[in-house]
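Okay, structure first, notes after.
The values are calculated or read from the model by the stated rules, or taken from the named source; none is laboratory data. Here the structure is a predicted model, which means the values were calculated and not measured. All Cβ positions, glycine included, derive from the backbone under ideal geometry; neighbour counts span all protein chains shown. The accessibility values were calculated without ligands, DNA or RNA, using every heavy atom of the protein model including side chains. Shrake-Rupley method; radii C 1.70, N 1.55, O 1.52, S 1.80 Å.
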2 protein chains.
Amino acid sequence: MATDFNAVRRDRLRAQLDGLEVDAALVTRLVNVRYLTGFTGSNAALVVYADGTDVFCTDGRYRTQATNQVPDLERVIERNCAKAMAERLETEKLARIGYESHSVTVDGLDELSATAPSAELRSLHQAVEGLRAVKDEEEIALLRQACAIADRALADLIERGGIRAGRSEFEVGRELDGLMLTHGAEERAFETIVAGGPNSAVPHHRPTARILERGDLVKFDFGAQLGGYHSDMTRTLVLGEPADWQREVYAVVQEAQRRGREGLRIGADVRDVDAAARDHVKEAGYGDEFGHGLGHGVGLEVHEAPTVSYLGAGTLAERMTVTVEPGVYLEGRGGVRIEDTLVVRADGPELLTMTSRDLTAL
Amino acid sequence: MATDFNAVRRDRLRAQLDGLEVDAALVTRLVNVRYLTGFTGSNAALVVYADGTDVFCTDGRYRTQATNQVPDLERVIERNCAKAMAERLETEKLARIGYESHSVTVDGLDELSATAPSAELRSLHQAVEGLRAVKDEEEIALLRQACAIADRALADLIERGGIRAGRSEFEVGRELDGLMLTHGAEERAFETIVAGGPNSAVPHHRPTARILERGDLVKFDFGAQLGGYHSDMTRTLVLGEPADWQREVYAVVQEAQRRGREGLRIGADVRDVDAAARDHVKEAGYGDEFGHGLGHGVGLEVHEAPTVSYLGAGTLAERMTVTVEPGVYLEGRGGVRIEDTLVVRADGPELLTMTSRDLTAL
């Protein structure tokens, strides 16, 4: 249901219209419409005007849902929402319409231009994504719940002996997915990774029929979705007594991950946060085996701004919610990744994922 | 794993390059890349050349996966695949590059233009989606399996007494989701609809905490995903003895759905198929309560070409796989929809969803 915080978010976008040199913002990217209105359907558009007379559009399938979720806005019911909103803007003779050039397709822009020929169409430059990078407390509450569901699901899976030699990655992954639903997830946040033995050395492995064996590192990368918000956590366990090389790699990643988490400070450059973790991995001699960035923003999307990486840019702000997930992958043998989701806070990062980061042997 | 049928599909696209007046096709829409190569990762691009020297691109996370899934193509490893392929095309001095204007964003086209300034960029006009509308037998086999999983999951749910007064839509939906995973689904095909009582009158209802009651119509719209292919089925049940109005509406929808299925003939105009079902609903006096199209193609996407609707255009071809899903929705009281997934065949449509369409009272 749309509430005050949706209106506050729209006002934040409205405050940027001048700087973006547009008279209104036509928001068509669904996840952004959801953020600004609370609407969860699969077809919608929103116009945010300088004067606050915002208009929402969806199609007839969602008439009732829109009445419930977006009671505070004028609602237009049309199948082609972007076009309907462009027609309206044309009628209103607005000179400069902001649109989402990172989301609108080339064909989509052609249609907008043909529908609103009087207006100049200008990019909004991902303004809504910029707003979304900094979470409000309503969002953090949902992220906290989503992370708690994932924590409980993994704890349950371990407790019931679900992670054991003789089971396939498929089986274990499905049980974990089911447990997330049992614990209240709307759905899983993304395709659950269960990667055993050599497969754990593949950063983004999809579960296979491979049977888990004693001595395997088993990597779980998974999350729950709640209220549209995603949790994201990785843990790597060992089946049986850990070998020396497994202990060594684990200790390196664990310490790098701790340093990365400690680097999450207001004003920190994302490249410095990445370096805080990466330098430790490099010093331990595994720099080449850590081939991805340290982390990413997480919220209505699993991957969103900011990018916490040597390839990123910019600094962290209060209430950004990001992952910290260094990994070391030894091809053909196995890999370790440890990932948490955290909120940047003035008094140090708030951990949302609570499962122990210590080496767990099952 | 990429196999012969992926190569056959690429050859079909290749055969269209002349007609599209391009020298190569840059395919960046992921689901289309998957169709043409078998690659299932989240970042990729493909160039299909007139001379058959096709090139595939993904990033370093998927190096091993790409080796396994796309062994038959030259593989480039780059983070920004579209840009890397455009650079290559620029080097090769191709005059006309086809790109997916319905999928590439405005910002994306700017980048392509800047990267390949010598070439003319021309729309592919959804050529790959056009190919995908007609399934090959490999695809139909996966769709058949996905539909069978959904059939079994619903049968299990009924058998174990999962659909009963006193449970919430949420609970029932999660159990159904879990059963699909148990029966081998990779994931559910889309967010499962469980809609009881008045909620069944909302065509696209999301499950809520509403408790099912005796006398409710309960509508299930759900599907399983397997090998990337989606099943899609709707059944509407009654809790307890059906009321006369429920029997009446059910009979109307059941007969309309039968007529729609029978309309699935090679060469049939999609508007005529829609009309075959819709006319029966209209004659019964419920024309205004059937506010959506009759069906849609289903495959690597839940909704894809062709659109089987009064708003659609074109005719059916052999091996198109479509849904037939008329519904009658009485606001505030309840609704009935019956939906199957079927393959258009020379000797009449092949049903993939097998659950009984007779009125079932629980």
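A few notes on this one:
- Inter-copy spacing of A:Glu350 label points, which lie 7 Å from Cα along Cα→Cβ, given in nm from shortest upward: 5.5
- Equivalent-ellipsoid semi-axes for the protein assembly as shown (Cα gyration tensor, √(5λ), whole Å, largest first): 39, 32, 29.
- Rounded to 0.05, the FRET efficiency of the A:Arg63 and B:Ala209 pair, given R0 = 22 Å and the Cβ-Cβ distance, is 0.55.
- Chain B's nearest residue to the axis relating it to A, judged by Cβ and reported with the distance in whole Å, is B:Gly178, 2.
- When a 1.4 Å probe is rolled over the protein heavy atoms, the share of accessible surface on the range A:1-126 that falls to carbon and sulfur comes to 47 percent.
- Residues in the range B:4-132 average 40 Å² of solvent-accessible surface per residue, probe 1.4 Å, ligands and nucleic acids excluded.
- Across the copies of the chain, A:Thr182 has label points (7 Å from Cα along Cα→Cβ) spaced 1.1 nm apart, shortest distance listed first.
- Rounded to the nearest 500, the helix-only mean residue ellipticity at 222 nm of chain B stands at -11000 deg cm²/dmol, with each DSSP H run of n ≥ 4 adding -39,500 (n - 2.57).
- Straight-distance crosslink candidates among lysines, where the alpha carbon sits under 28 Å from A:Lys282 and sequence neighbours closer than 8 are dropped: A:Lys219
- Dipole axis of chain B (+1 Lys, Arg; -1 Asp, Glu on Cβ), positive-most option in B:Gly173, B:Leu109, B:Cys147: B:Gly173
- For chain B, the longest principal axis of the Cα atoms and the long axis of helix B:169-182 meet at an angle of about 50 degrees.
- Converting phi to 3J(HN,Hα) with the Karplus coefficients 6.51, -1.76 and 1.60 and the offset θ = phi - 60°, the range A:73-90 yields 10, 4, 10, 9, 10, 8, 5, 9, 5, 4, 5, 4, 6, 5, 4, 4, 5, 5 Hz in sequence order, with x at every glycine or proline.
- FRET efficiency estimate (nearest 0.05) - Cβ-Cβ, B:Glu159 to B:Asp244, R0 22 angstrom: 0.20
- Coil-residue trypsin sites (Lys or Arg not before Pro) of the range B:46-155, DSSP, other Cβ within 10 Å capped at 11: B:Lys93
- The angle between the Cα long axis of helix A:106-115 and the longest principal axis of the Cα atoms of chain A comes to about 20 degrees, rounded to the nearest 10.
- Within straight-line reach of A:Lys83, meaning a Cα separation under 17 Å, sit the following lysines at least 8 residues removed in sequence or on another chain: A:Lys93.
- Inter-centroid distance (Cα atoms) of the range A:202-248 relative to the range A:163-200, Å: 9
- Net charge dipole, chain B: roughly 500 debye, given to the nearest 20, about the Cα centre with Cβ charges of +1 for Lys and Arg and -1 for Asp and Glu.
- Computed over the range B:278-362: relative contact order in percent, which uses C-alpha pairs under 8 Å that are six or more apart: 22
- Spatially, the range B:43-113 and the range A:77-115 are offset by 30 Å when compared through their Cα centroids.
- The range B:214-359 - accessible surface per residue (Å², probe 1.4 Å): 36
- Rounded to the nearest 0.05, the FRET efficiency derived from the C-beta distance between A:Lys93 and A:Ala15 at R0 = 35 Å is 0.90.
- Across chain A, the relative contact order, built from alpha-carbon pairs under 8 Å that are at least six residues apart, equals 14 percent.
- Buried surface between chains A and B: roughly 2500 Å² of accessible area, summed over both sides, computed with a 1.4 Å probe on protein heavy atoms only.
- Inter-copy label distances at B:Ala95, using a point 7 Å along Cα-to-Cβ, come to 4.4 nm with the shortest given first.
- Interface residues, the range B:174-195 - accessible area loss of 40 Å² or more versus chain alone, probe 1.4 Å: B:Arg174, B:Leu181, B:Glu186, B:Glu187, B:Arg188
- Rounded to the nearest 20 debye, the dipole magnitude of the protein assembly as shown is 880 debye, with +1 charges on Lys and Arg beta carbons, -1 on Asp and Glu beta carbons, and the Cα centre as origin.
- Extension gain (nm, one decimal) between B:Ile77 and B:Glu137, 0.36 nm per residue minus Cα-Cα: 18.4 nm
- Surface accessible to a 1.4 Å probe, A:His125 within the full protein complex, Å²: 130
- Cα pair distances exceeding 33 angstrom across chain B, given as percent: 37
- Heavy atoms of B:Cys147 accessible to a 1.4 Å probe, total area in Å² rounded to 10: 0
- With respect to chain B, whose longest principal axis is taken over its alpha-carbon atoms, helix B:4-14 is tilted by about 70°.
- Measuring how big the range A:235-362 is from its alpha-carbon positions, Rg and Dmax come out at 14.3, 43 Å.
- Cut-off 18 Å (backbone N to label point 7 Å along Cα→Cβ of B:Val8), residues of the range B:37-81: B:37-39, B:72
- Within chain B, the cysteines lacking any other cysteine Cβ closer than 4.7 Å to their own Cβ are B:Cys147.
- One quarter of the convex hull surface built on the alpha carbon atoms of the range A:4-132 amounts to 6.8 nm², the projected area averaged over directions.
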